1. Kindly indicate the residue of the range 133-163 that is among the β-branched types (Val, Ile, Thr) and closer than 13 Å to ALA120 by Cβ and also surrounded by the fewest Cβ atoms within 10 Å (Cβ to Cβ) among those meeting that condition.
2. State which residue is farthest from PRO3 (Cα to Cα) when the search covers only the range 42-63 and only residues that are of a type outside the set (Asp, Glu) and surrounded by fewer than 15 Cβ atoms within 10 Å (Cβ to Cβ).
3. Exactly one of these conditions fails for GLN20: (1) open to solvent by 30 Å² or more (accessible area, probe 1.4 Å); (2) of a type in the set (S, T, N, Q); (3) assigned to a strand (DSSP E or B). Give me its number.
4. Identify, by number, the condition in (1) in contact (Cβ under 8 Å) with a residue 40 or more places away in the chain; (2) not in a helix (DSSP H, G or I) that ALA82 doesn't meet.
5. Condition check: closer than 21 Å to THR84 by Cα, of a type in the set (Lys, Arg) and in contact with a strand residue (DSSP E or B) (Cβ under 8 Å, 6 or more places away or on another chain). Does ARG33 satisfy that?
6. Going by the conditions given, is ASP76 touching a strand residue (DSSP E or B) at 6+ places or on another chain (Cβ under 7 Å), in a loop (DSSP other than H, G, I, E, B) and surrounded by 14 or more Cβ atoms within 10 Å (Cβ to Cβ)?
7. Please work out if ALA64 is at pLDDT 95 or above and assigned to a helix (DSSP H, G or I).
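The values are calculated or read from the model by the stated rules, or taken from the named source; none is laboratory data. These numbers were taken from a predicted model, which means no experiment stands behind them. Glycine also receives a Cβ, built like all others from the backbone with ideal geometry; neighbour counts cover every protein chain displayed. Heavy atoms of the whole protein, side chains included, go into the accessibility calculation; ligands, DNA and RNA do not. Shrake-Rupley method; radii C 1.70, N 1.55, O 1.52, S 1.80 Å.
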Amino acid sequence: PIPVYAPRDCARRLAGFFGQPDTRFLSGILDFRPLHDGHVAQHWNLRLTTRAVVHDAEAYGLRAECQGSVLAYSGDSGPCEALTALARRADVFLCEADIDRHREGERQVHLTPEDAARSARGARELLITHVGPTLTREAAVARAAAVFGGRTSAAREGETRTF
């Protein structure tokens, strides 16, 4: 079975997605392993470290380190210190910019472009992803770039990068 490091309820949610009453159909295919804040998985020369992030469900950001290169990923998150820690000294910080603005009184479980940029400080490059329906990709990148001050661009489906 393929090891899947995921929040505790991932197997149940996946079963529901496929309309299955329980997770037995996944056994023998996927081996679900729970994550926790600071979880480290080492696969050959690839080191994966998770940090718990702020969201409306159990969620994690990820830092992938391999042969001196670092990719950090926010996952779905609201503003939090864990994002800054993940992005610190990363070559690329892949970060969501899902919302146009925070609404007063609402729990902050997603990031504005400015939040993404502040979280990315310390990274070499900010790559915006998961742009929500209230923003355009171009506007999200421009707003993030104005705060980040470094190389900022948008992730695009099918695009590959080397660093």
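1. Ranking the candidates gives VAL147 first.
2. ALA57
3. It fails just one condition, (3).
4. (2)
5. So ARG33 fails the test.
6. Yes; evaluated as a whole, the condition is true for this residue.
7. No, not satisfied.
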